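Here's the structure we're looking at; comments come further down.
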Amino acid sequence: MTLRGRIEAAFGRWGNWIIRWRWLAVLASLGLTAGLGSYLPQLRIDNSGDAMLRTDDPARLLYNEFRDQFGRDESVIIILEPPEVFDFAFLEKLRAFHDAIEAEVPYVEEVTSLINARNTRGEGDELIVEDLLERWPRSETELQALRERVLANPLYTNILISEDARFTTINVKPLTYSTLTPEEDVLAGFAEEGRAAAGEPEFLKFEETYALVEKLVEVDARFSSEETRTYLVGGPIFEHGFANTMQSDISVFMGLCTLMIIGLLALLFRRASGVFLPVLVVVTSAISSFGIMALLDIPFSVTLNMLPAFLIVVGICDSVHILAIVYQQLAKGRTKSEAISIALEHSGLAVVMTSITTACGLLSFSIAELAPVRHLGVIAPIGVMMALLYSLILLPALLAIFPLRSKAGQSSLLQRRVIDRFLVGVGSLATRHPMRVLVATGLILLLGLGGLLRVRFSHNDLLWWPEDDPLRIAAELLDRELKGASTVELLIHTGRENGLHDPELLNRIERVMRRSETLKVGDLPVNKAVSITDVLKETHQALNENRREFYSIPQDRRLVAQELLLFENSGSDDLEDLTNSHFETARVSVRTPWVDAVLYPDFVAETVAVTREILGPDVEFDVTGGVVIFTQIFNALLHTMARSYVFALAIITPLMILLIGSWRRGLAAMIPNLIPIYLVLSLMGWMGIPLDASTLLIGGVIIGLAVDDTIHFMHKFNGYYEVSGDPQQAVRETLATTGSALLFTSLVIAFGFGVFLAAYIQATYWFGLLASFATVVAFLADVLVAPALMVLITRRRSPRAGYPLRAPGDPIAA
């Protein structure tokens, strides 16, 4: 007996053991599910930009240091569009809105609007720093003077008011650190790696940000009207929107996926057990998988949005291959115990190998630089292996307990000869005309080259939202009317206490700012740059009779120190946002529009070059902020795709060769698995679908899943070829006995991914469309290309003595 034959026989003995200890197997499986399921309440969500990077990524570490010093660089921006900003009634409404946010919205550090914008002025020798509307205008003349003062202040324009004065904003800055106590925080035991472990405070948690936005939306609803429209935008708003959309989409996906699976299982088996048992197996395996996800503190994100439906679909396929043989054997008059044992002997090895290759395809993501992709590479393989575990333990145990009838006179979908004859006919066509099949395939691939060359990299999650979504409308309005609010943060280090008192260095910082404002991100101009020099120029002007010509940096070191001290003593704490307490580091915020991340690397590089050119080699500086984080995400995106695909192929190819036992057939069997990836990339190019943080996952998923059908095909082909010696006959017998199961599992996967077409987020929609397309292509490649290749590279030889006999592990007579 061959090694494969001995392994298959061992699976048959495993089936007998499970039948004997069926109640123990059921109790152990359900106990494991209950234990891991107890961690489900600890599942969390994190869609923040910096959370896409590894916790030890240098860009993320620098960003954390920046937030420790200066707080969050992103806020919620409420854009208001009244009939007239400088109107008594609207200003009263703005004040009420501002006050309501301060009084009612939790986890807010600061609220800034025209109501309390910094207004620096001098009265005699006294420096006064007060709120802009500290003195309320009481006449049209004062109102007009207010308008002129606001529009003349460069620090207000495109931050608190648009250049044409049609829009004004309220900026809501969340707290930097979490306020939850260990007793309140259900995730206290799973704090962010590298911070809580070191005793450092944790940044504001998702549940706190979510509560902030929920209350802010409620307050906003009271002040928004047809007369004064409001738009909410900013990082916390998008995190909140993604969370709500994810919860809604997952509910839809799970409902559609469950209905689809129940319908297909009912059509396939026409038995209650054929529907109930596979669903029970995949539900328990999914609960266990998500329990492990919570235990490992892997957060849900948009990238993992497809995971629940994916695990259900993959788990169902394991059950189908086992149940199909069980019911076939029952129909042949076998006892239930015999049917279970034969089914595991027939399909056990193939199911294990398909699970391993699927897990390996997904495991390729575990080396990704993007954290959510890496998380998928951890939890998805675990989920696949949990589905395998329950399929080999819980399913046969339940089959042994569940009453099953033979239903010898009633044929299931898998037993209907019309499907078998069709698939055998397709395989025969491929084996009779292998070169024609391969030439036709080559022509299709050649036509796809045009699309492949059009594939582009991109990462702009704003475009994931429908054009009429309020979040997208608000973000596009912010870019169009206020020139954006993303930031590149320059941290300029003097290396000495009070180093920022040096006028020459301040002059260079000012030149960096003015030069930065001439740059563009793609075709869009930079908004503005803000730093400590703005405070110093305001103060210098105020102390010189508020005369405009004194809006400049003092050129005397002692005068700089004195004016900064006067500003600090005025009661304003604005300097804390611009420098550290020792005046050693200056923060320069360069505000940019929200664009595709592909445009950020060149912009960041140009900003760094300009800064280095002006500051000179003697001044050190760092670059961080939201834009830099997205730049790092884009770079990680490129590395992730290349490394993951190579890693997946490097693992799966040797496994395929090992399973088949022939390096020639093993390598040839990988060709049908590469065709779906090629054609998916081609389709993306023709349809203008970018490779981004969502669609880059397609390749690894396709490799893992496409190999499944190939393994089932090659496993049975090898068995039949060993006894018949005829590759054409082996293809026919393989498709006659396994083809229907391959077709059904492909339908399950295609329809399973098809539920993502109901997604609200476009990235998930694209994933569903492309994955479904790839599944169909993979099936066609396995029933056309794989047979053609096997006939061409496999020599015909004499049949084994005693042929026709049952191939190893095959219960169906040849």
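The values are calculated or read from the model by the stated rules, or taken from the named source; none is laboratory data. What you see is a predicted model; the values in this text were computed from it and never measured. Reconstructed Cβ throughout: ideal geometry from the backbone, glycine too, with neighbour counts over all protein chains shown. When the accessible area is computed, the model is the full protein with side chains, heavy atoms only, and any ligands, DNA or RNA have been set aside. Shrake-Rupley method; radii C 1.70, N 1.55, O 1.52, S 1.80 Å.
Any idea which residue in the stretch 507-523 is surrounded by the fewest Cβ atoms within 10 Å (Cβ to Cβ), counting only those that are under 16 Å from F621 (Cα atoms) and free of Cβ contacts under 8 Å to residues at least 60 places away in the same chain?
Taking the candidates together, the pick is N507.
Being at pLDDT 90 or above and either in a helix (DSSP H, G or I) or open to solvent by less than 10 Å² (accessible area, probe 1.4 Å) (or both) is the filter here; which residues of the stretch 586-598 pass it? Scanning the stretch 586-598 gives A586, V588, V590, T592, P593.
Looking across the stretch 331-345, the residues that are assigned to a helix (DSSP H, G or I), in contact (Cβ under 8 Å) with a residue 24 or more places away in the chain and open to solvent by 10 Å² or more (accessible area, probe 1.4 Å) come down to A331, K336, S337, S341, I342, E345.
Residues of the stretch 265-284 that are open to solvent by less than 30 Å² (accessible area, probe 1.4 Å), modelled with pLDDT of 85 or more and hydrophobic (A, V, I, L, M, F, W, C): L265, V275, L277, V281, V282. Just one of (1) under 30 Å from T734 (Cβ atoms); (2) of a type in the set (A, V, I, L, M, F, W, C); (3) more than 34 Å from the chain's Cα centre (by Cα) fails for L445. It is (3).
Considering only residues of the stretch 540-572 that are hydrophobic (A, V, I, L, M, F, W, C) and in contact (Cβ under 8 Å) with a residue 40 or more places away in the chain, which is surrounded by the fewest Cβ atoms within 10 Å (Cβ to Cβ)? Step by step, filter the stretch 540-572, then rank; the result is A561. Quick check, is A759 among the small types (G, A, S) and in contact (Cβ under 8 Å) with a residue 60 or more places away in the chain? Taking the combined requirement at face value, the residue satisfies it.
Taking the stretch 524-539 as the range and being more than 18 Å from S552 (Cα to Cα) and open to solvent by less than 20 Å² (accessible area, probe 1.4 Å) as the test, the residues that pass are V526, N527.
Conditions tested, residue by residue: (1) over 28 Å from K537 (Cβ atoms); (2) in contact (Cβ under 8 Å) with a residue 12 or more places away in the chain; (3) not polar (S, T, N, Q).
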| residue | (1), (2), (3) |
| --- | --- |
| R60 | yes, yes, yes |
| F70 | no, yes, yes |
| V76 | yes, yes, yes |
| P82 | yes, yes, yes |
| E126 | no, no, yes |
| S139 | yes, no, no |
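Count of the stretch 453-482 residues, restricted to those that are within 19 Å of V598 (Cα to Cα) and either open to solvent by 40 Å² or more (accessible area, probe 1.4 Å) or of a type in the set (A, V, I, L, M, F, W, C) (or both), is 11.
Which of the residues that make up the stretch 285-305 are at pLDDT 85 or above, open to solvent by 10 Å² or more (accessible area, probe 1.4 Å) and in contact with a Ser or Thr (Cβ under 9 Å, 6 or more places away or on another chain)? Once the filter is applied, which keeps residues that are at pLDDT 85 or above, open to solvent by 10 Å² or more (accessible area, probe 1.4 Å) and in contact with a Ser or Thr (Cβ under 9 Å, 6 or more places away or on another chain), the stretch 285-305 yields only I287. Checked against the criterion of being buried (at least 24 other Cβ atoms within 10 Å of the Cβ) and over 25 Å from L268 (Cβ atoms), the candidates G383, G361, G315 yield just one match: G361. Among the conditions (1) under 19 Å from E517 (Cβ atoms); (2) open to solvent by 20 Å² or more (accessible area, probe 1.4 Å); (3) modelled with pLDDT of 90 or more, T607 misses just one, which is (2).
I need a count of the residues in the stretch 448-496 that are over 24 Å from F603 (Cα atoms), within 22 Å of the chain's Cα centre (by Cα) and not aliphatic (A, V, I, L, M). Going through the stretch 448-496 one residue at a time, the tally reaches 5. Counting the residues of the stretch 656-694 that are of a type in the set (S, T, Y), in a loop (DSSP other than H, G, I, E, B) and surrounded by fewer than 22 Cβ atoms within 10 Å (Cβ to Cβ) gives 1.
This table checks each residue for (1) among the polar types (S, T, N, Q); (2) part of a helix (DSSP H, G or I); (3) modelled with pLDDT of 90 or more.
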| residue | (1), (2), (3) |
| --- | --- |
| L363 | no, yes, no |
| R374 | no, yes, no |
| V384 | no, yes, yes |
| L392 | no, yes, yes |
| L395 | no, yes, yes |
| A430 | no, yes, yes |
| V439 | no, yes, yes |
| V455 | no, no, no |
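Tell me, yes or no, whether the stretch 14-22 has at least one residue that is touching a helix residue (DSSP H, G or I) at 6+ places or on another chain (Cβ under 8 Å), β-branched (V, I, T), modelled with pLDDT of 90 or more and open to solvent by 10 Å² or more (accessible area, probe 1.4 Å). Checked against the condition, which is being touching a helix residue (DSSP H, G or I) at 6+ places or on another chain (Cβ under 8 Å), β-branched (V, I, T), modelled with pLDDT of 90 or more and open to solvent by 10 Å² or more (accessible area, probe 1.4 Å), the stretch 14-22 yields at least one hit. Among the residues that make up the stretch 90-100, is at least one of them part of a loop (DSSP other than H, G, I, E, B) and either open to solvent by 40 Å² or more (accessible area, probe 1.4 Å) or at negative phi (or both)? There is no residue in the stretch 90-100 that is part of a loop (DSSP other than H, G, I, E, B) and either open to solvent by 40 Å² or more (accessible area, probe 1.4 Å) or at negative phi (or both).
Residues that are among the acidic types (D, E), open to solvent by 60 Å² or more (accessible area, probe 1.4 Å) and either touching a strand residue (DSSP E or B) at 6+ places or on another chain (Cβ under 8 Å) or farther than 30 Å from L160 by Cα (or both): does the stretch 25-46 have at least one? Please lay out each step first, then the result.
Step one: list which residues in the stretch 25-46 are among the acidic types (D, E), which gives 46.
Narrowing the set further to residues that are open to solvent by 60 Å² or more (accessible area, probe 1.4 Å) leaves none.
No - not one qualifying residue is present in the stretch 25-46.
Of the residues in the stretch 635-646, at least one is in contact (Cβ under 8 Å) with a residue 24 or more places away in the chain, touching a helix residue (DSSP H, G or I) at 6+ places or on another chain (Cβ under 7 Å), assigned to a helix (DSSP H, G or I) and open to solvent by less than 30 Å² (accessible area, probe 1.4 Å).
The residue that is modelled with the highest pLDDT, among those in the stretch 66-89 that are within 18 Å of S178 (Cβ to Cβ) and not in a helix (DSSP H, G or I), is V76.
The rows are residues; the columns are (1) under 22 Å from the mean Cα position of the chain (by Cα); (2) among the aromatic types (F, W, Y); (3) within 25 Å of A440 (Cα to Cα).
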position: M687; (1), (2), (3): yes, no, yes
position: A693; (1), (2), (3): yes, no, no
position: V707; (1), (2), (3): no, no, yes
position: K716; (1), (2), (3): no, no, no
